[in-house]
Amino acid sequence: MIFFVTTETQQTSSIPNFPFIRPEPFGMPGQYEGLRATESVPQVRSADGKLAWLITRYEDVRSVLMDERLSTDKNNPGYPLQNRFFGTGKVDEEKTFFDMDNPDHGVFRRMFATEFTSKAVRNIVPRIQAIVDERLDRMAAAGGPQDLNTSLSLALPTRALCLIIGVPYADFDRLQEKTDLLVSLSTPPAEAAQASAELRDYFLELIAAKRLSPDDDLISRCIRNFVDAGQLSEVQLASTCRILLVAGFETTASMITLGTLALLEHPDQLALFRTMDDQHVGRAIEELLRYLAVAHVGRRRVAIAELEIAGHTIVPGDGIIIATDAADSDSSVFTDPRRLDITRQGNPIVSFGYGVHQCIGQNLARAELRIALTTLFTRFPNLRLARPSSEVAFDQNAMAYRAVDLPVQW
Ligand code: HEM
């Protein structure tokens, strides 16, 4: 029996808490299927105690994510926060496009989007490969068993983002520590707030240094193109660097670890994976993203105008939780959705969201996953779990569904 870590308060009323519990490591919450089948839009209780309407059907999820009558601004009353600490003490001048609606969202997002196009990511692939090689060299030198989270998965996303942003190599570990503190739900709120302020201050200092000696990186380009033109403040640039670091951290790290576990637990799929060329590996990554659906806390919105969703009237101030993980397992779109099939074609996943807020880092995440998983299984052809899979612990309360650790040997 798999051991699940649960730290949140237990159910106290007939309105269920969200996120729902996943009963098996690779299973989806049992409630989703019934909700999709009956086209129900139930009320659930978010971790901050607020009630919100839960959207689970693929078609509804996509249409709601496109609806501009729903706001992503956490300062709007009724916004259901992912956890009790997020958004508290938020200062307006530190707001990033992550929390903005159009037209501001588009204006600020465009300033950063060029850094994450498929072409921009292709250019840094050799450097991502070098990070993975260095981590696996260390793993090999130290010998097994080792926790894959620590050895590879948590290190890669921060380091890749640091390279893009322009953080000096010597600071990588320090930034990973701060990001770790910020995303972990076990960090006391005061400590999380301190880590957040320290990251912002770190980036403000880095901006000052890059002003004196610019380089070929995101910060230097943003100073030249937008800060100096008066379109972006230094505080906004620093806050955006922080949100980029945080947004891409836990999701990508969890995907590397759980992707490895899923392949090890499906030897037929792993055998196929080993034979795949780049294009087919790309398809396999899409399927792993769909199957594992690690972004399990739902996209969050609040209504700013009246609207109808699947026959339900939503009024201004109503919170909405959009379960992209439920949508990615909707059998009206994905045949036999709980089967891992890394050759699945025409796989229109919503794991990266949909509409204007769709993940800005998706090309980067895909590249990291592809490089991490292919290199890991090539470098260690005998990679295996160092303890039975039945003893792997999963954290259901983290921002991304994840394994607490994954000891491996080879
Ligand atoms: C497997 C890894 C990842 C997953 C599953 C994921 C998932 C998502 C999802 C579902 C959204 C939509 C949020 C919403 O609609 O409210 C999103 C947005 C976002 N993601 Fe990712 N993400 C991943 C990796 C990354 C990376 C590597 C970065 C780093 C650049 C990143 C940065 C962002 C940002 C900044 C947004 C907000 C976009 C906006 O509001 O316009 N993500 N991500």
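The values are calculated or read from the model by the stated rules, or taken from the named source; none is laboratory data. Nothing here was measured: the structure is a model prediction, and the numbers come from that model. Positions of Cβ are generated from backbone atoms using ideal geometry, with glycine treated the same way; all protein chains shown enter the neighbour counts. Only protein heavy atoms, including side chains, enter the accessible area calculation; ligands, DNA and RNA are left aside. Shrake-Rupley method; radii C 1.70, N 1.55, O 1.52, S 1.80 Å.
Structure summary
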| item | result |
| --- | --- |
| Portion, in percent, of the accessible area of the stretch 96-190 that falls on carbon or sulfur, probe 1.4 Å | 57 percent |
| log10 of Debye I(q)/I(0), alpha-carbon scatterers only, for the chain at 0.11 Å⁻¹ | -0.83 |
| Check: the stretch 314-360 dipole with +1 on Lys, Arg Cβ and -1 on Asp, Glu Cβ, in debye | 120 debye |
| Compactness index (Cα Rg / 2.2 N^0.38 Å), the stretch 240-294 | 1.30 |
| Model label zone, Thr187; criterion: amide N under 20 Å from point 7 Å along Cα-to-beta-carbon; scope the stretch 384-410 | 395-405 |
| Surface per residue (accessible, 1.4 Å probe) for the stretch 196-341, Å² | 37 Å² |
| Under Karplus coefficients 6.51, -1.76 and 1.60, residue-wise ³J(HN,Hα) of the stretch 151-157 in Hz, glycine/proline x | 5, 9, 4, 6, 6, 5, x |
| For the stretch 301-410, the Rg and Dmax computed from alpha carbons only, in angstrom | 18.9, 57 |
| The chain, relative contact order in percent, only Cα pairs under 8 angstrom and at least six apart counted | 28 percent |
| Chain lengthening between Glu93 and Ser331 when straightened (0.36 nm per residue, less Cα-Cα) | 81.3 nm |
| Counting all C-alpha pairs of the stretch 94-194, share separated by more than 24 Å (%) | 41 percent |
| Pairwise centroid distance, computed over Cα atoms, of the stretch 282-342 with the stretch 178-194, Å | 27 Å |
| Dipole moment magnitude, nearest 20 debye, the chain about Cα centre, only Lys, Arg, Asp, Glu C-beta charged | 460 debye |
| Tally of Lys pairs whose C-alpha atoms are under 25 Å apart, taken over the chain, 8 or more apart or cross-chain | 11 |
| Lys/Arg +1, Asp/Glu -1 at C-beta; the stretch 263-410 dipole; positive extreme among Leu376, Ala393, Gly317 | Leu376 |
| C-alpha center-to-center spacing [the stretch 206-224, the stretch 233-274] in angstrom | 27 Å |
| For the chain, calculated [θ]222 nm from helices alone, where every DSSP H run of n ≥ 4 adds -39500 (n - 2.57) | -14000 deg cm²/dmol |
| Mean separation of Cα contacts under 8 Å (6+ apart) over length of the stretch 144-273, as relative contact order % | 36 percent |
| Distance between modelled label sites at Val356 and Glu306, nm, 7 Å Cα→Cβ extension | 2.4 nm |
| Additional length obtainable on full extension of the chain from Thr313 to Gln194, 0.36 nm per residue less Cα span | 38.8 nm |
| Amide H contacts under 5 Å for Asn76, placed H, 5+ residues apart | none |
| Cα-projected label distance for Ala208 with Arg174, points at 7 Å along beta-carbon direction, nm | 1.3 nm |
| Summed residue charge, Cβ within 10 Å of Gln409's Cβ, Lys/Arg positive, Asp/Glu negative | +2 |
| Cβ-derived FRET efficiency at R0 45 Å, Leu51 paired with Thr378, nearest 0.05 | 0.40 |
| Calculated FRET value between Ala37 and Asp67, using beta carbons and R₀ = 22 Å, to 0.05 | 0.40 |
| Kirkwood Rh, angstrom, the stretch 213-309 [1 / mean 1/r, Cα pairs] | 17.4 Å |
| Integer Hz, Karplus 6.51/-1.76/1.60 couplings in order for the stretch 217-229, x for Gly and Pro | 8, 4, 4, 4, 5, 5, 4, 5, 7, 10, 5, 5, 8 |
| Computed lengthening from Glu234 to Asp201, 0.36 nm per intervening residue step minus Cα-Cα distance | 10.8 nm |
| Residue-wise HN-Hα coupling along the stretch 232-246, computed from phi with Karplus coefficients 6.51, -1.76, 1.60 (Hz; x: Gly, Pro) | 9, 7, 5, 5, 5, 5, 4, 5, 5, 4, 5, 5, 4, 4, 6 |
| Accessible area expressed per residue, the stretch 126-195, with surrounding protein chains retained (probe 1.4 Å, Å²) | 42 Å² |
| Surface share of carbon and sulfur [accessible, 1.4 angstrom probe, percent] for the stretch 280-337 | 47 percent |
| Within the stretch 336-410: Cβ-based charge dipole about Cα centre, in debye rounded to nearest 20 (Lys, Arg +1; Asp, Glu -1) | 200 debye |
| Pair Ser390, Ala271: separation of 7 Å Cα→Cβ label points (nm) | 2.5 nm |
